[in-house]
Amino acid sequence: MPRRTDISSVLVIGSGPIVIGQACEFDYSGTQACRVLKEEGLRVILLNSNPATIMTDPEFADATYVEPITTEVLTAIIAKERPDAVLATLGGQTALNAAIALDEAGVLEEYGVELIGANIAAIQKGEDRQQFKEVVEKCGGESARSHIVHTIDDAIAAAEDLGYPMVVRPSFTMGGLGSGIAYDEGDLRRIVGQGLHYSPTTEVLLEESILGWKEYELELMRDKADNVVVVCSIENVDPVGVHTGDSITVAPALTLTDREFQKLRDIGIAVIREVGVDTGGCNIQYAVHPDTGRVVVIEMNPRVSRSSALASKATGFPIAKIAAKLAVGYTLDEIPNDITGSTPASFEPTLDYVVVKVPRFAFEKFPAADDTLTTTMKSVGEAMAMGRNFTEALGKALRSIDKSGTTFHWDGEPVAGEALDALLAQASRPTEQRLVQVQQALRAGASIEQVFEATKIDPWYLDQIQLVNEIAAEVAAAPALTHDVLVRAKRHGLSDVQVAALRGIGPQGDAVVREVRHALGIRPVFKTVDTCAAEFAARTPYHYSSYDAETEVAPREREAVIILGSGPNRIGQGIEFDYSCVHATLALKDEYETIMVNCNPETVSTDYDTADRLYFEPLTFEDVLEVYEAELAAGPVKGIIVQLGGQTPLSLAQRLADAGLPILGTSPEAIDAAEDRSVFGRVLAEAGLPAPAFGTATTLPDAVAIAAKIGYPVLVRPSYVLGGRGMEIVYSAEQLTGYVQRALGEAALAGDRLAPILIDRFLDDAMEIDVDALYDGTELYLGGVMEHIEEAGIHSGDSACVLPPVSLSQAELDRIRTSTEAIARGVGVRGLLNVQYALVSDVLYVLEANPRASRTVPFVSKATGVSMAKAAALLMVGHSIADLRASGMLPTEGDAAVIDMHQPIAVKEAVLPFKRFRTAEGAVVDTVLGPEMRSTGEVMGLAAQFPTAFAKSQAAAFGGLPTSGRVFVSVADRDKRDLVFPIKHLVDAGFEILATEGTATVLRRNGIPSTVVRKFSSGRGPDGEPTIVDLITAGEVDMVVNTPSGQGARADGYEIRAATTAADKPIVTTIQQLSAAVQGIEAILAGPFSVQSLQEHMTALAASATPTAARS
Amino acid sequence: MTADTISPLLGEHPEDAAVLVLEDGRAFSGRAFGATGTTTGEVVFNTGMTGYQETLTDPSYHRQIVVMTAPHIGNTGVNDEDPESHKIWVSGFVVRDPARRASNWRSERSLDEELRAQGVVGISDIDTRALTRHLRERGVMRGGVFSGPALLEHGYPRRIESLVQEVAGAPAMAGADLTGEVSTPQAYVVEPSGPGAPHTVVAIDLGIKSMTPQRLAERGMRVHVLPADATITDIQALAPDGVFFSNGPGDPSAATHAVALLREVLDAGLPYFGICFGNQILGRALGFGTYKLEYGHRGINQPVLDVRTGKVEITSHNHGFAVDAPIGQEATAPHDGGRYGRVVVSHVGLNDDVVEGLECLDVPAFSVQYHPEAAAGPHDAAYLFDRFADLMSSGARSASGLSASDATDAASTKEN
């Protein structure tokens, strides 16, 4: 059955901003889908509010809308584009929910648009708990015993039947948002309360506890001829109770016999048929009782999911791509398996290797949050590794996480006695440290049975960890590092660093180990992911390393460029860097053989289609060096690109250069020059550029002295960090002392010496400006100038910004250009440069410069239509800006320093994960923005004017600004004067203003009426008058304006912000944001958003540019 | 000259070393696994990620050294429910990472213990992927696993040449008639275990897997399993409603008795179903040739197209030989001037267009090359057992024998 001929255009819905539980895997799947649909000759219309995605690059669709994913916008797009079909199964829960809303609004019917992939009935059956339970029973499976409730009272009644502990799962939420485990009635009331709120259907499922059971997932695909294949089985090392996104998982399942596996397969196939997923993928999760084998079906996702991205990378079977083909009518047997080229996609991949996925967490960003892992997903990213056995894959995956404390170690004496009991007790509470705790407990002599009792991790895995311990002991005890000792160590995943530590060879001991290893001829080989365990020849060079006998790297003649990716997503280093890496491969493909090294399964960069060769490897010095040497043996290598993947590859640059590897673009010395305060200070001084006063301290007395000299407030942070980790604004010597002591304490715990602390003068009330530029050694191209909406002091990653700047003069832009050029020249940049400036009282201070791809590169590229990363890659291999202007990669003339009145206004807004993080008591963590970055993703609002662009960005980020109702206002004293105008506008627009006494007084004197409400700290009134927190919680406030007062009296503010976040209402925490919000509200009130595709924007831009060019 | 000896392959721990040598001279070093000693056979690879216990006990692997491409083998130990026969049949077992500890609620003992107890020589810690790629490129060939004293001659490491010679002395698979070595010596009955028409089926054991009669019994059939040397008289004595020929080892071209017996079954008009070897025997009985595949199909992920429905099933395979029949067209069975009428290739392997099933249009007979009993493997093809039951229920045949008009009737009956 070939492709359907009754469909000629498809609207693809993307997944919006990166949030916990829905990350760049949907860019990977969406990009694959768009590519396939275009290849099939369909007109592709795409909606995604996330500019940092490859899928929203204009070449991947015919009409790309970077607009909010709302029913209103979707309706406008459908009315304008009149697509034949909507594909919503590749954009995560966001797209699925958007499709349901569209259907409910009658839009699909009105315009005669067909939902392809999965229809509404199937989505409902898969996602609605009760319906799904019936499906499972029909299919001969079993569900956990359960009750559906819509109120807290019903939940308490259900507890009588089910008993505690009990699992709570809200319907229709993603990433398990709002779910949890209730051990008693208190827990139950709290979790059900939240769950009812998050569920769009105010529905929560309560079920018997299957905690501690073995957990499995199957990824299935079905075509319209009813052929079904199981693409991959995944086993969770962490048993039921930890969200699969937060579990360490393994593919294929390793502890089931064939009979048991086939039972899961049979149920899965029956379920996908019964649910009626017509075409495409679905994911089914199972629990298996470890003693009886009783199988309980947990849930299914009738769509492509995070697990399917993992399964695609784990097997080489591109689920999203095939799902897209199935959606337009092909059957599995009509689609070739790309990897072999000779066999069809209607088969089940078989693996001759083991895949391990390890989640990466960011609890350090939310110190108040409870770090217990539960059925609500909390991880922000993941790393995947492959090896020819479990221990090898596990060792590689753990070191791919790129965070201290995540790998196995044998430092110090093993614990004993009560300390061991305590360790086992700790391990019984799942946290991100659990696997290392397990390893330490086994090392200390705990039996596998004891550890199993504490963790319910399958004994087979525990024995494998024990095996690693035994091998470590052999390494430590061996009289010398012989061939066999080293081979065994490497075969079971020990890194050179770990071997060196075991041998007690001092710092840089890994270099010694490497030398011995190379002298003994012990090198990894590179095997191929081929979907078929070598039964057929593979034609895609998708490799992973293993210590085994035979390598499969093919010789090549073309010169190669190796691009280092960014590793697991984390806050501060996410999809934006993958975007740049992917662009580099696209730009270099014509001239070079492109080779990607990365370990993040969620990304487009690790699609085997992206680069010419893919190495799925950890981004450590050892692993990268081995890839380089293997490729050098295969053919000429031009060099390595380290500046596009963020801090992870950048931090390897110097060592790689020292080892003789050619680093392309900005040299490691220049990278250091920008990081090193004194060197960079000289660069600025020579160029005559002002910077805030600063100093570097390594001891407490130093720090206090420097801060006194500079003057408070100061900005303090450790050097060499990305995402502002550990950055704080400090107002006094006491605060500073506290900060330094904490840093010293952490360093002592980690066994490190204290990294230098950078102390900068903090510029109050400054406007922050972000600049992305390109430099080729002689010429500068200013890519984008972004004006932050919040004042300086809020991390640039969390701050909303606007491009082109809406309040900078030509003179200021000229100054920015001159300064940026001076820095680029002084540092010695070849490629990308990001500079942050602060503009205070007409002085342009340089805050910092980073000679690498920044987080804003995709935003700038999308807003201006110029691919900065592609251009940078070409500069790094030796092209000049003049070349790129001539070839059309860059505009023929001008750059961001030239004000173009026709350019649309783009607003970037950050998306923050506060809702996900609760304290151990269940309260939301504080939501105040600060110098430490905490956002997970971003959206873009694009319009002709700022107010509409801002309103769109808010709608995309969190659902939108209110247009009527009540606004609560409580601001710090310093902000009170600036409050009057914006609030006046709100009153004029019909809003009711609630205010605390002090704020109300200011408003009253300015003739603005407001209602005084009780502070939280004053408690309820004598007649039960509610406090502001009560009102917010009751949903009676539509927007909250609360600026923190910097010092002291924070408690009220915290309660207000937490309640607002929990109630899902917009919160404004800076006065600049308030002005923008008021402008946005006025824009919404002026009429519905009009939508324009990027392609239309570009055409308009080009049209407006032509006469200019003609004039010049 | 150490280069000529295996001593470089023995590493720092020669006491537990093992060596695998192929007849083309390629050698792999590893560690002894299971029993120590010498074993030779045809080296084949199996790509299933589950089901090692079923694989080991599948009689079709008789005289074969099986390489598992999945690296971790033995994780779920050994239980007494899953074997496909009373013993391990593989002549040798090659794995990369044997489990140190079995973990499964049904596990009774470890795989290593089981291999030792049954005297099966194995080798572990070798690059199974490199070996698999070698077999894929060069075709399956004979090989040997040597461990313990078998590595030494007069107390010194043996020369590789002598191992290769030993391997070359082993009998080849082509031309081998192995049925007699695996078949049950005595007839036995598997009683019905589920609902369904109470048909009596005679199953000829050419190396039968225990799941097969079980699948028939689940559908209400009483299954008389007879030894491979059974005659048509033995079969007819049981007055069966249908006859089944099982899977089994060896070269179908050497299975002269089975082919002759099947022709008698067809002549008697008895409904016939064959699996694997039983498919090849039908092919030969109909007058088609059989040939040895370069490296065979052994795995549980193989896509097969049911030509009649256009649907794809994921199936379990274990075959080194295949039937040479025309795909995509109706043909007349060549034997005896078309005595058995028309035949179609009913199932095709989608990976390499190999014949995976035959269906006679004028006599009540069909067969598949793969394993609908699926132990190990997916259950997608279980419908074939129902098809067999339907064929018997349709009463297409009496024991009155074959005539041309009957054959035509049969075909038209089936189309109703």
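The values are calculated or read from the model by the stated rules, or taken from the named source; none is laboratory data. If you're wondering where the values come from, they're calculated on a predicted model, not measured in any experiment. Cβ sites come from the backbone with ideal geometry, for glycine too, and all protein chains shown count toward neighbours.
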Can you name every residue in the stretch B:115-156 that is surrounded by fewer than 20 Cβ atoms within 10 Å (Cβ to Cβ), of a type outside the set (Lys, Arg) and within 12 Å of chain A (Cβ to nearest Cβ)? B:ALA130, B:GLU137
Only one of B:GLY48, B:GLY37, B:GLY25 is in the same structural domain as B:ASP125 (by TED's automatic domain parsing), under 23 Å from the mean Cα position of the chain (by Cα) and of a type in the set (Gly, Ala, Ser). Can you tell me which? B:GLY48
Between A:GLY665, A:GLY660, A:GLY646, which is at positive phi, in contact with a helix residue (DSSP H, G or I) (Cβ under 8 Å, 6 or more places away or on another chain) and either at pLDDT 95 or above or surrounded by fewer than 24 Cβ atoms within 10 Å (Cβ to Cβ) (or both)? A:GLY665
For the stretch A:813-833, enumerate the residues that are surrounded by fewer than 24 Cβ atoms within 10 Å (Cβ to Cβ) and within 19 Å of A:HIS788 (Cβ to Cβ). A:LEU813, A:ARG815, A:ILE816, A:ARG817, A:SER819
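Do we have any residue at all in the stretch A:245-259 that's assigned to a loop (DSSP other than H, G, I, E, B), of a type outside the set (Gly, Ala, Ser) and more than 14 Å from every other protein chain (Cβ to nearest Cβ)?
Step one: list which residues in the stretch A:245-259 are assigned to a loop (DSSP other than H, G, I, E, B), which gives A:245-248, A:252-257.
Now restrict to residues that are of a type outside the set (Gly, Ala, Ser): A:246, A:248, A:252, A:254-257.
Among the residues that remain, those that are also more than 14 Å from every other protein chain (Cβ to nearest Cβ) are: A:246, A:248.
Checking the stretch A:245-259: at least one residue is assigned to a loop (DSSP other than H, G, I, E, B), of a type outside the set (Gly, Ala, Ser) and more than 14 Å from every other protein chain (Cβ to nearest Cβ).
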Residues that are closer than 30 Å to A:GLU81 by Cβ and within 32 Å of the chain's Cα centre (by Cα): find the helices (runs of 4 or more DSSP H) completely inside the stretch A:112-214 holding 2 or more of those. A:120-127
Kindly list, by first and then second residue, each pair from a residue in the stretch A:427-453 that is within 24 Å of A:LYS378 (Cα to Cα) to a residue that is among the small types (Gly, Ala, Ser) and surrounded by fewer than 17 Cβ atoms within 10 Å (Cβ to Cβ), limited to pairs with Cβ atoms under 8 Å and residues at least 6 apart or on different chains. A:GLN433/A:GLY405; A:VAL436/A:GLY405
Among B:ASP352, B:ASP362, which is of a type in the set (D, E, K, R), assigned to a loop (DSSP other than H, G, I, E, B) and more than 14 Å from chain A (Cβ to nearest Cβ)? B:ASP362
What number of residues in the stretch A:215-234 are part of a strand (DSSP E or B) and either facing chain B (nearest Cβ under 9 Å) or in contact with a His (Cβ under 9 Å, 6 or more places away or on another chain) (or both)? 4
Please state which one of A:ASP530, A:ASP496 is touching a Lys or Arg at 6+ places or on another chain (Cβ under 7 Å), surrounded by 16 or more Cβ atoms within 10 Å (Cβ to Cβ) and among the charged types (D, E, K, R). A:ASP496
Apart from one, (1) farther than 30 Å from A:SER15 by Cα; (2) in contact with a His (Cβ under 6 Å, 6 or more places away or on another chain) all hold for A:SER867; the odd one out is (1)
Search the stretch A:625-638 for residues that are touching a residue at least 12 places away in the same chain (Cβ under 8 Å) and pair each with any residue that is hydroxyl-bearing (Ser, Thr, Tyr) and part of a strand (DSSP E or B) when their beta-carbon atoms are under 9 Å apart and the residues are at least 6 apart or on different chains. A:GLU626/A:SER545; A:VAL627/A:SER545; A:VAL627/A:TYR615; A:ALA630/A:SER545; A:ALA630/A:TYR615; A:GLU631/A:TYR615
Taking the stretch A:378-394 and the residues there that are surrounded by 24 or more Cβ atoms within 10 Å (Cβ to Cβ) and touching a helix residue (DSSP H, G or I) at 6+ places or on another chain (Cβ under 7 Å), the one that is nearest to the other protein chains (Cβ to nearest Cβ) would be A:PHE390
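Looking at A:VAL380, A:VAL354, A:VAL415, which one is touching a Leu at 6+ places or on another chain (Cβ under 7 Å) and among the aliphatic types (A, V, I, L, M)? Walk me through how you get there before you give the answer.
On the way: A:VAL380 fails: touching a Leu at 6+ places or on another chain (Cβ under 7 Å); A:VAL354 fails: touching a Leu at 6+ places or on another chain (Cβ under 7 Å).
None of the others qualify; the one that does is A:VAL415.
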So which residues in the stretch B:289-337 are touching a strand residue (DSSP E or B) at 6+ places or on another chain (Cβ under 7 Å), away from chain A (no Cβ under 14 Å) and among the charged types (D, E, K, R)? B:LYS292, B:ASP324, B:GLU330
Got a sec? Which strands (runs of 3 or more DSSP E) wholly within the stretch A:478-579 have at least 2 residues that are within 11 Å of chain B (Cβ to nearest Cβ) and at pLDDT 95 or above? A:525-528
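Does the stretch A:581-608 hold any residues that are charged (D, E, K, R) and out of contact with any Pro (no Cβ under 8 Å at 6 or more places or on another chain), and which are they? Outline the logic, then answer.
In the first step, residues of the stretch A:581-608 are kept if they are charged (D, E, K, R); the result is A:589-591, A:593, A:602, A:607.
Within the stretch A:581-608, A:LYS589, A:ASP590, A:GLU591, A:GLU593, A:GLU602 qualify.
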Just to check your reading of the model, which residue among A:ARG303, A:ARG360, A:ARG294 is away from chain B (no Cβ under 14 Å) and over 19 Å from the mean Cα position of the chain (by Cα)? A:ARG303
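Residue by residue, here is whether (1) charged (D, E, K, R); (2) buried (at least 24 other Cβ atoms within 10 Å of the Cβ); (3) in a helix (DSSP H, G or I) holds:
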| position | (1), (2), (3) |
| --- | --- |
| A:GLN32 | no, yes, yes |
| A:ARG35 | yes, no, yes |
| A:LYS38 | yes, no, yes |
| A:PRO51 | no, yes, no |
| A:GLU59 | yes, no, yes |
| A:THR64 | no, yes, no |
| A:ILE69 | no, yes, no |
| A:GLU72 | yes, no, yes |
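Of all residues being within 14 Å of chain A (Cβ to nearest Cβ) and touching a Gly at 6+ places or on another chain (Cβ under 9 Å) in the stretch B:10-21, which is modelled with the lowest pLDDT? Just the residue, please.
Top of the filtered list is B:GLU15.
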Is it the case that A:GLU413 is buried (at least 24 other Cβ atoms within 10 Å of the Cβ), more than 14 Å from chain B (Cβ to nearest Cβ) and among the acidic types (Asp, Glu)? no
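If the requirement is being assigned to a loop (DSSP other than H, G, I, E, B) and under 28 Å from the mean Cα position of the chain (by Cα), which of these qualifies: A:GLY930, A:GLY941? Walk me through how you get there before you give the answer.
Working: A:GLY941 fails: assigned to a loop (DSSP other than H, G, I, E, B).
Checking each option against the conditions leaves just A:GLY930.
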